[in-house]
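Visitor: Pasting in a structure now, in structure tokens, and then I'll have a few things to ask.
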Amino acid sequence: MNLVFYLLAALTVAGGLAAMLLKNTVHCALALTVAFAGLALLYLDLDAQFAGFAQLLIYVGAVAILVVFAILLTKGSETPKDGVFSRTWLAGLAVAAAVFAVLAWSILQSVSRLTQAAKAPAVTVQQIGVALISRYVLPLEIVAVLLTVALIGAVIVAMHEKEGGAQ
Amino acid sequence: MLGEGILKGLAETARNFFGSYFSAERLTTVEYPEQRIAPFEAARVFPFLVYDGTDWQAGLRCVSCQICEKECPPKCIYIEKSKDKKPDALGKPQFYPARFDIDISVCMSCQICVEVCPFEAIKMNTEFELSTNDRFGGLLLDREQLAKSNQYYHEIHATEAAEVDARLAAEKARVAAKATSIAAARAGEGA
Amino acid sequence: MIETSDQIFVLLLHWLVSFLPAPWQPVASAVLCAAAIVCLFPALFALAVWLERKGLGRMQNRLGPNRVGPFGLLQPIADGIKSLTKEDIVPLSADAAVHFLAPVVLVVTVFMGFAVLPMGRNMVLVDLDAGLLFYFAMGASTELAVFMAGWSSRNKYSLLGAMRAVAQMISYEVVLLLSSVVVVMITGSLSLTRIVEAQNHYTWGLPHWYIFTPWGLAGFVMYAIAATAETNRSPFDLPEGESELVAGYHTEYSGFKFALFFLGEYVAMFSISGLGTTLFLGGWSAPFSFLTWVPSWIWFFSKLMLSIFVFIWLRGTLPRLRQDQLMNFAWKFVLPMCLLNLLVTGLWRFLGDGWLRWVVCSAILLLAYVGIALGEQRKKHIGPRSYRYAE
């Protein structure tokens with residue numbers, strides 16, 4: 001629990017808060033990108049190089065762009081007329097508090113189980129690769145199939161309907 | 001074959017690049033004002049007034065008939081006729097322009113003034129480096145600035161000037177022949 | 001002597017850092033290296049600007065700028081002074097914070113990419129185990145900066161330019177990554193120093209650069225295409241084509257911010273050429289075994305400048321591609337060839353050493369290329385154009 005961790009945690013939480021509280025939707029998306037970057041830096045702080053850079057590449061490089069495109073291609077980029085807070089905010093607050101309580105309980109339980117501050121194991125990219133192909137090959141293939149299905153689905157949804165059926 | 005066009009294009013630009021250091025065909029830049037291209041003979045920019053001989057006032061061919069002033073489409077010529085007359089190239093007393101201004105910011109180089117002049121007095125000049133920092137007065141050329149010698153006309157438009165000179169000489173010869181025949185006829189009558 | 005000249009910058013760094021107390025030395029070393037990179041590449045940028053204008057001029061049968069210094073060498077300085085002293089105009093309705101941050105984010109992410117490039121023997125700023133992944137992560141962040149620039153200007157032409165640029169960059173990012181994966185497959189590591197060392201062997205005087213293998217050549221060509229598209233260079237410069245969209249996503253930028261965009265584009269070009277030389281052209285290794293006495297950093301920068309010259313050459317030769325042509329090209333031609341290249345690289349690895357794998361791999365790649373080429377040229381029935389996905 002050193003200074004760097006606290007700074008990065010503050011950055012991530014600030015990014016997340018800004019993503020909720022800012023009025024302009026594109027500003028929210030950019031703040032979310034800051035939160036992603038903060039998360040990536042936290043991974044790097046733990047010496048998880050692959051996870052950190054993959055987080056940057058995928059989240060900042062692709063997911064953030066996707067979010068921004070989605071905002072732009074819909075009407076989300078205009079400032080909303082009737083406030084950013086919904087009318088059912090009390091129920092939302094209750095649900096968020098419940099989720100936070102569950103997460104905090106589980107984290108505190110796991111922290112108290114650790115006897116000392118264990119050093120994070122140094123995992124090389126090769127080990128990750130070997131694990132993906134040997135031990136975790138089924139999740140890998142399922143995720144691959146899922147991505148393919150999503151890609152084909154996106155193409156079909158965006159395709160212009162032709163009378164003679166899809167070519 | 002896919003990609004063939006790209007390779008041919010790359011070869012051509014490479015040839016351009018390396019050739020530009022060796023051959024003039026591949027580097028067509030003329031670094032003006034240090035280098036200039038020779039002007040064409042039929043080039044035309046703005047008009048000028050021709051004078052014969054060395055004295056521009058005595059030899060000015062213009063007789064102030066004002067045809068060019070009337071025919072000029074943007075009306076850039078301003079002529080004031082003189083009150084007295086002076087003898088022209090054929091010896092006949094003619095008016096001359098006391099004032100002959102061309103506004104070259106208006107002139108469109110259409111050459112109509114040259115085409116309609118009956119006295120071969122106004123021709124097209126090829127000088128184009130006329131920029132000045134006086135937008136109005138500096139671009140209004142007066143009689144003295146417009147008058148250039150027939151020799152200069154030969155320098156800029158050799159064939160045209162030769163033709164004009166031949167025509168004027170023929171005219172002069174015809175008038176002289178007519179004068180001698182009249183004089184001979186009168187002398188023949190008197191005797 | 002040879003060793004000294006090869007390692008001269010490393011020795012200089014050690015000497016400079018030795019003046020400081022021991023706990024400060026790693027930090028000071030990193031800071032000095034970073035400062036060297038930040039000073040060197042803008043200087044190279046000035047040189048590249050001059051080279052581009054003179055080179056393009058000569059290719060177009062004209063002289064480039066030749067008035068400002070001997071052969072126009074001081075022209076980039078004149079351009080720099082001009083861009084520094086111009087008024088910085090920010091549109092009234094522009095989003096000021098994002099408008100300011102966009103060129104900053106662009107330049108920062110572009111310079112970060114240099115941290116993992118090995119510019120000579122032992123001359124890497126950070127020798128990361130996942131160096132290649134770091135480089136691509138930084139490249140991906142560049143797209144965000146482009147989008148920020150286009151959106152914050154509140155100008156529909158800028159936004160269009162930014163959308164086109166981001167779409168183009170995302171499509172060609174896939175190609176870039178896939179064409180680099182073949183190198184990782186054969187080397188077995190994501191670390192760029194390991195990749196260069198794997199290419200630093202010689203057989204009969206010729207180097208083991210990956211470009212001299214069939215899959216390496218195909219990979220390099222596709223990497224070059226993707227690199228040209230990633231940096232928005234001709235023929236893929238529709239987002240910033242002056243005759244198309246004024247200036248695309250940097251229309252509303254003037255003065256120093258525009259200079260930063262310009263700098264970012266050229267430094268991105270250097271960065272991606274540097275990665276290309278590291279992956280395919282052997283990085284800092286010499287082309288022939290009898291030339292290894294020349295310092296390694298000279299080879300790296302020569303290859304870099306050669307790549308820049310090729311970029312300029314392509315710009316002077318090829319007309320601009322239309323947006324749908326460029327996307328078509330990426331998804332329907334280059335990407336399938338990339339995937340085939342992955343297969344061929346696998347075959348190369350498992351067919352064992354010898355002439356068989358050369359023949360088989362070259363044959364597969366050539367057949368695929370010729371097949372696709374002939375296929376594309378066959379169905380050229382020109383009818384009324386219709387778009388299935390963009391009505």
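All of the numbers you see were taken from the coordinates with simple rules; none came from a lab. Because the structure is a prediction, the values reported are computed rather than measured. So basically every Cβ, Gly included, is an ideal-geometry build from the backbone, and we count neighbours across all protein chains shown.
Visitor: Among C:141, B:162, B:18, whose Cα lies farthest out toward the positive end of the dipole of the protein assembly as shown, if unit charges sit on the beta carbon of Lys, Arg (+1) and Asp, Glu (-1)?
Guide: Value computed over the given set: C:141.
Visitor: Rank-order C:169-179, A:125-135, C:320-330 by packing density, defined as the average count of other C-beta atoms within 10 Å over each peptide's residues, highest first.
Guide: Values: C:169-179: 22.3, A:125-135: 12.7, C:320-330: 16.5.
Taking the mean over residues of other Cβ atoms within 10 Å, the ranking is C:169-179, C:320-330, A:125-135.
Visitor: Here's something else I'd like to know. Can you bin every Cα-Cα distance in chain B into 5 Å intervals starting at zero and give me the percent of pairs per bin, rounded to whole numbers?
Guide: Pair shares across the bins are 1, 6, 11, 14, 13, 12, 8, 6, 6, 6, 5, 4, 3, 2, 1, 1, 1, 0, 0, 0, 0.
Visitor: Calculate, axis by axis, the spread of Cα positions in the stretch B:47-149 along the three principal axes, and write the results as whole Å, longest axis first.
Guide: Here the spans come out as 41, 27, 24 Å, largest first.
Visitor: Separation between the residue B:82 and residue C:108 pseudo-spin-labels, each 7 Å from Cα along Cα→Cβ, expressed in nm?
Guide: Inter-label distance under the simple model: 8.3 nm.
Visitor: Once you have the alpha carbon radius of gyration of the stretch C:297-391, what is it after dividing by 2.2 N^0.38 Å, with N set to its residue count?
Guide: That ratio works out to 1.50.
Visitor: Please work out, to two decimal places, the log10 of the ratio I(q)/I(0) at q = 0.06, 0.09, 0.10, 0.11 Å⁻¹ from a Debye calculation in which every Cα of the protein assembly as shown carries one identical scatterer.
Guide: Taken in order of the listed q values, log10 I(q)/I(0) reads -0.57, -0.97, -1.13, -1.31.
Visitor: Okay, moving on. Measuring from label point to label point, each 7 Å out along Cα→Cβ, what is the residue B:186 to residue C:96 span in nm?
Guide: 9.7 nm
Visitor: Still on this structure, please answer the following. Please sort A:99-112, C:122-135, A:5-18, C:290-303 by packing, taking for each peptide the average over its residues of neighbouring beta carbons within 10 angstrom, highest first. Each step should come with its number before you reach the end.
Guide: Values: A:99-112: 9.6, C:122-135: 20.3, A:5-18: 14.9, C:290-303: 17.3.
In decreasing order of mean packing, A:99-112, C:122-135, A:5-18, C:290-303 become C:122-135, C:290-303, A:5-18, A:99-112.
Visitor: If R₀ is 51 angstrom, what is the calculated FRET efficiency for the pair residue B:178 and residue B:25, using the beta carbon separation as r and rounding to 0.05?
Guide: Working: r = 58 Å, r/R0 = 1.14.
Once the sixth-power term is evaluated, E becomes 0.30.
Visitor: Something else about it: The stretch C:111-235: D in µm²/s via Stokes-Einstein (Kirkwood Rh, Cα pairs, 20 °C, 1.002 mPa s)? Intermediate values should be presented prior to the final figure.
Guide: Details: Rh = 16.1 Å.
Stokes-Einstein gives a translational diffusion coefficient of 133 µm²/s.
Visitor: Quick check: pseudo-label points 7 Å beyond the Cα along Cα→Cβ at residue A:3 and residue B:132, how many nm apart are they?
Guide: Simple spin-label model gives 7.5 nm for this pair.
Visitor: When you look at the Cβ of every residue in C:158-169, what mean number of other chain Cβ atoms sits within 10 Å?
Guide: On the way: counts 0, 2, 0, 0, 2, 4, 0, 0, 3, 2, 0, 2.
Per-residue shielding by partner chains comes out at 1.
Visitor: Same structure, new question: Taking only the Cα atoms of the stretch C:13-128, how large is their convex hull per residue, in Å³?
Guide: On the way: hull volume 24.0 nm³, N = 116.
So the per-residue hull volume is 207 Å³.
Visitor: Using a 10 Å cut-off around each Cβ of peptide B:25-34, what is the average number of partner chain Cβ atoms that fall inside?
Guide: Numbers: counts 1, 3, 6, 4, 6, 0, 3, 0, 0, 0.
Mean shielding count: 2.
Visitor: Can you work out the FRET efficiency for the pair residue C:39 and residue A:103, with r the C-beta to C-beta distance and R0 = 56 Å, to the nearest 0.05? Don't skip to the end; give the middle numbers.
Guide: Numbers: r = 47 Å, r/R0 = 0.85.
Computed FRET efficiency for residue C:39 and residue A:103: 0.75.
Visitor: Could you check how many percent of all C-alpha pairs in the stretch A:1-80 are farther apart than 23 Å? Don't skip to the answer; put the middle values down first.
Guide: Values: 794 of 3160 pairs.
The proportion of pairs with Cα distances above 23 Å equals 25 percent.
Visitor: Please list, or write none, the aspartates and glutamates whose alpha carbon is within less than 16 Å of the alpha carbon of residue B:70, excluding same-chain residues fewer than 8 places away.
Guide: B:80, B:101, B:103, B:115
Visitor: Calculate one ³J(HN,Hα) per residue across the stretch B:139-155 by plugging θ = phi - 60° into the Karplus curve 6.51 cos²θ - 1.76 cosθ + 1.60, and present them in order as whole Hz with x for glycine and proline.
Guide: 9, 10, 8, 9, 4, 5, 6, 7, 7, 10, 6, 5, 5, 4, 4, 4, 5
Visitor: Using only Cα atoms, figure out Rg for the stretch A:121-160 and give it as a multiple of 2.2 N^0.38 Å.
Guide: Numbers: Rg = 15.2 Å, N = 40, 2.2 N^0.38 = 8.9 Å.
Against the empirical 2.2 N^0.38 Å value, I get 1.70 for the stretch A:121-160.
Visitor: Just to confirm my numbers, what's the Cα centroid distance between the stretch C:296-317 and the stretch A:1-28 in Å?
Guide: Spelled out, the Cα-based centre of one part sits 42 Å from the other.
Visitor: Taking R0 as 51 Å, what FRET efficiency do you get between residue C:87 and residue B:109 from their Cβ-Cβ distance, rounded to the nearest 0.05? Could the numbers behind the result be given before it?
Guide: Working: r = 40 Å, r/R0 = 0.78.
Result of the calculation: an efficiency of 0.80.
Visitor: What average number of partner chain Cβ atoms lie no more than 10 Å from the Cβ of the residues making up A:60-67? Show your work: numbers first, answer last.
Guide: On the way: counts 7, 12, 5, 0, 5, 9, 1, 0.
Per residue, the number of nearby Cβ atoms from other chains is 5 on average.
Visitor: Report the per residue volume, in Å³, of the convex hull enclosing the C-alpha atoms of chain C. It would help to have the intermediate numbers written out before the result.
Guide: On the way: hull volume 71.2 nm³, N = 391.
In chain C, the Cα hull volume divided by residue count equals 182 Å³.
Visitor: Ok, one more. Could you tell me the extents of the stretch B:118-172's C-alpha atoms along the three principal axes, largest first, rounded to whole Å?
Guide: 44, 19, 15
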